[in-house]
Amino acid sequence: MANEVAYSGGVSPFDRVVLIFNPKSTGQARELAEGLRADLAERVPTLGVELLPTEHAGHATELARVAAERGRPLVMSVSGDGGYNEVVNGVMQAGNDNAVAAVLAAGNANDHRRTTKERPIAEAIADGTVSRIDLLRLTADGAAGDVVRYAHSYIGLGLTPIVAVDLEKGDKGSLREMVTVVRSFARFRPFEIEVEDGTRQRFDSLVFANIAQMAKVATLSEVQSRPDDGLFEVITLRHTAKWRILATAVKASTTGLGKQPSVSTYTFTTVSPLPLQVDGEVMDLPAGATVRVDIAAQALQTVL
């Protein structure tokens, strides 16, 4: 359970709820948003609820930032992990410590909600109990200054996040999905980074995780992994034979990978241009970029 913030005297921590959704979503985001609005109208009739559809990629971040700049809003993403990542970053950019962010699961990838859920979201909002959780913070230097990006669940490089995202496309177990994963696996090549001691290391996968599970079936770490403990887990897979990679994937989806190292910061330098995934959202790093992943402790107010 994340650290809870109590509100006394029956005063709600929210002055309004803002639901941000992609109207073109295949996960019935609009219908879910409208359903939550109707549910809250019965549970908390004095609480205003606004629906904001996105118009393009990245728009959710803009909408969330503007919504979070004033008052005590609950800014919600009606989406999967990627859409929620945009909303979290928008709320963090607003810099308003009274703003709260949360997610109503829609679409395929909902690792964060699945692993942190404590009760139905409408019930949690009506109750008004707010929790604080950690965020992963990615800082990368660039020509225009440092780029800062937050993650609610994981930051990944290499094979593991690529396959995880592929697994979330289409219906589970579908032939098309399996072909996609096999092709990604066959084309995959290891990557190289320079670590803090100046040595270069080759990896097939490197994941920084704030939650214990990923892609519904992969258990990255033991149950000690918490989103509010001031630490994140580092799951590494050094370059090895592909059959060993496959064996690791099978282990993750069955018995789990076991206890993983917990740290509060990890720094490396890219050797060549390198894509990475932040909660499933892809961003590219140039060669020679100094990258720091650390924990932003208790940075986000949320409802679980």
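A crude spin-label estimate for the pair residue 26 and residue 292, with each label 7 Å from Cα along the Cβ direction, gives 4.0 nm.
Model label sites at residue 43 and residue 188, defined 7 Å from Cα along the beta-carbon direction, differ in position by 3.9 nm. 3J(HN,Hα) along region 113-122: 5, 5, 8, 10, 4, 10, 6, x, 5, 5 Hz, from the Karplus curve 6.51 cos²θ - 1.76 cosθ + 1.60 with θ = phi - 60°, whole Hz, x for Gly and Pro.
Bear in mind these aren't lab numbers, they're just calculated from the coordinates by the rules spelled out. The model shown is predicted, which means the values in this text are computed figures rather than measured ones. Positions of Cβ are generated from backbone atoms using ideal geometry, with glycine treated the same way; all protein chains shown enter the neighbour counts.
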